[in-house]
1. Please list, by residue number, every one of the trypsin sites (Lys or Arg not before Pro) in the range A:162-227 that is coil in DSSP and has at most 15 other beta-carbon atoms within 10 Å.
2. Taking the range B:1-140 on its own, what percent of its Cα-Cα pair distances exceed 27 Å?
3. What residues of the range A:1-42 lie in the reach of a label at A:Val128, counting those whose backbone N is under 12 Å from a point 7 Å from the Cα along Cα→Cβ?
4. How far apart, in nm, are two points set 7 Å out from the Cα along the Cα-to-Cβ line at A:Trp155 and at B:Ser176?
5. Rounding to the nearest 20 debye, state how big the charge dipole of the range B:191-321 is about its Cα centre with +1 on each Lys and Arg Cβ and -1 on each Asp and Glu Cβ.
6. I'd like the orientation of helix A:184-210 relative to chain A: the angle between its Cα long axis and the longest Cα principal axis, in ° from 0 to 90, rounded to 10.
7. Rounded to the nearest 20 debye, what is the charge dipole size of chain B about its Cα centre when +1 sits on each Lys and Arg Cβ and -1 on each Asp and Glu Cβ?
8. I need the calculated FRET efficiency for the pair B:Ala154 and B:Arg314, taking r as the beta carbon distance and R₀ as 35 Å, to the nearest 0.05.
Amino acid sequence: MTLWLLLAINSITLGGLLFLLSAGFSLIFGLMRIPNLTHGSFFMLGAYLGVSFLDAGLGFWTAALASAVAMATIGGLIERLLLRRLQGNALAQVLVTLGLSFMIADICLMIWTGDPVQIVTPPALRGVVPIASVVFPAYRLAIALIAVVIAGMLWLMLDRTRLGAMIRAGVDDAPMARVVGIRVGWLFSIIFCLGAGLAGIGGVMGAPILSVYPGLDSDMLPLALIVVILGGTGSLVGAFVGSFVVGFLYNFGQALFPELAYVILFLPMLAVLVIRPQGLFGRQA
Amino acid sequence: MTRRLTFALAVLVLATLPLWLANSYYVNIASQILIWAMLALALNVLAGYAGLVSLGHAGLFGMASYAAALSVAGGAGQLTAAAFALAATLAATVVFALLSLRSTGISFLMITLALGQILWGIAYRWISLTNGDNGINLPSRPAPFGISLESPQAFYLATLAAFLVVVTAMEIFVASPFGASLCGTRDQPRRMTALGYHVWLIRFLAFLFSGLVAGIAGLFFLYYDKFVSPHALSLATSAEALLMVISGGTGTLIGPIAGAALVVVMKYVASAYIERWNLVLGAIFVAIVLFMPEGLVPGMLRLWRAARRARRARAAAAHLG
């Protein structure tokens with residue numbers, strides 16, 4: 001019983017982290033029509049930056065925010081300086097993000113060496129929270145809570161603000177959005193900054209649980225890929241549902257069939273591809 | 001005529017390579033170039049002629065290596081193991097093709113990437129079968145017709161023989177009506193459909209061909225190292241193969257071969273001076289895509305011509321002014 005509960009809590013935590021990672025990935029995919037293969041690297045680099053900010057004496061949450069700002073800047077620079085030059089050539093853009101992911105991975109290895117780094121859980125959240133005679137680790141609950149709050153904020157932004165309406169228009173039909181006077185180029189930059197920042201904050205928040213190590217990027221990127229294929233590109237609800245589905249599949253798969261955890265993770269994705277190629281919450285292209 | 005002569009001359013040079021490369025270190029590098037060139041040629045069938053960029057080919061490549069190594073470890077003979085490995089790779093290719101050919105372009109790339117990652121995950125995590133990160137050793141190289149391939153020279157010649165078979169098959173494929181129709185599906189899929197061609201079937205068959213050649217490359221990769229680890233199936237391997245194809249120039253036969261030579265040599269040279277191969281790989285990738293999307297050789301020519309034109313324009317301006 002407690003094992004199942006523990007697994008469920010871990011699944012929810014991983015789902016929350018995955019949402020922070022894949023919300024941006026999904027929006028970038030929806031708007032720019034490219035899978036940003038540096039997204040896993042954003043997550044890892046964000047986590048490493050968080051490590052350095054903590055070493056510099058910042059508190060946990062300030063470090064997470066600083067890392068998010070740094071990642072947003074880096075993401076914006078990549079979009080402005082590299083991807084913009086290749087506008088209209090999706091394949092070239094994907095290849096550039098692939099090349100960048102190798103560079104970032106190697107630079108991280110150079111700066112932070114190959115040893116895994118663990119960030120300590122912020123002191124205020126080290127305890128447990130008793131809910132209905134069951135105790136939950138406070139930090140894991142906090143992650144899930146923060147993910148839900150950020151999801152809510154993103155939804156409000158997309159659904160209720162002028163910027164969100166412009167983004168939705170861009171996702172639905174970029175050329176038409178341009179015709180009615182929306183500067184889609186600017187949206188690309190904003191979404192890229194937002195996505196990179198969210199991945200960075202996710203990296204720092206995940207570090208006390210996952211720790212930070214070389215290869216974290218290539219562990220996380222396929223997960224984001226699955227989430228987006230499951231949920232449908234450019235759909236926030238899809239990313240949210242997909243994240244938790246993958247979180248559960250990953251943890252339960254690993255506990256029940258440790259050797260085939262990876263296969264179990266990909267099976268629903270394949271099923272969705274065959275039955276509903278646009279994803280559970282995606283719209284028919 | 002000149003084309004055939006060049007080809008014969010190239011074969012002659014390649015076949016006598018062990019004679020004038022005294023150091024077996026260089027012979028080994030030559031073998032590696034041929035192996036990677038086979039993988040690049042395989043990927044080029046899809047990325048170049050079909051316009052379908054796959055990021056999962058390392059999965060098929062490593063699948064062949066693992067299947068052969070596992071069946072030898074299970075007591076099978078080398079020939080049976082090789083045949084089984086190619087059959088298994090073809091079976092995996094069928095699954096790859098059925099799932100990924102539902103789409104084209106970026107979605108195709110994503111699905112092949114995900115499928116490649118599944119195979120990588122199996123090699124890495126299914127420890128009781130694949131020995132996980134430690135990989136699998138092959139006790140010895142096969143000895144076809146009783147000829148030992150343990151020496152670098154003998155292995156090089158055997159690899160060259162396979163390579164020439166692959167290149168010849170590619171030549172025939174490209175020149176055939178099927179090759180032409182594949183290019184047609186790349187450039188004008190709708191018109192091809194309207195003309196009565198079965199676009200999906202053409203792509204499917206091309207995928208099978210590509211997977212088979214990737215499997216052959218994977219076999220020789222295993223024989224070369226007598227060892228295979230999950231790294232052979234990683235995204236980095238797929239990306240390297242793709243870099244070979246696009247750096248040499250897609251949709252040509254000589255391009256992927258030149259690209260393979262370039263990347264393998266660069267890898268060896270770079271690793272002699274710096275340990276940051278991935279950084280170099282990534283940087284070259286970005287630079288090629290940004291500045292020479294058509295490939296290194298045509299790209300260099302274009303830049304050189306542009307520079308010359310600019311100089312001439314400046315000279316003319318100076319003359320007038």
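1. Working: sites: A:Arg162, A:Arg168, A:Arg178, A:Arg183; in loops: A:Arg183.
Those satisfying the criteria are A:Arg183.
2. Details: 3751 of 9730 pairs.
More than 27 Å apart: 39 percent of the Cα pairs in the range B:1-140.
3. Label zone hits: A:2-3, A:6.
4. Rounded to a tenth, the inter-label distance reads 5.5 nm.
5. On the way: 12 positive and 4 negative charges, 168 e Å.
With Lys and Arg at +1 and Asp and Glu at -1, about 800 debye.
6. 10 degrees
7. Around 1260 debye, computed over chain B.
8. 0.05
Only the coordinates and a few stated rules stand behind these numbers; no lab work does. Predicted, not measured: the structure shown is a model, and the values here were computed from it. Because the Cβ atoms are built from the backbone with ideal geometry, glycine has one as well, and the counts that use them run over all protein chains shown.
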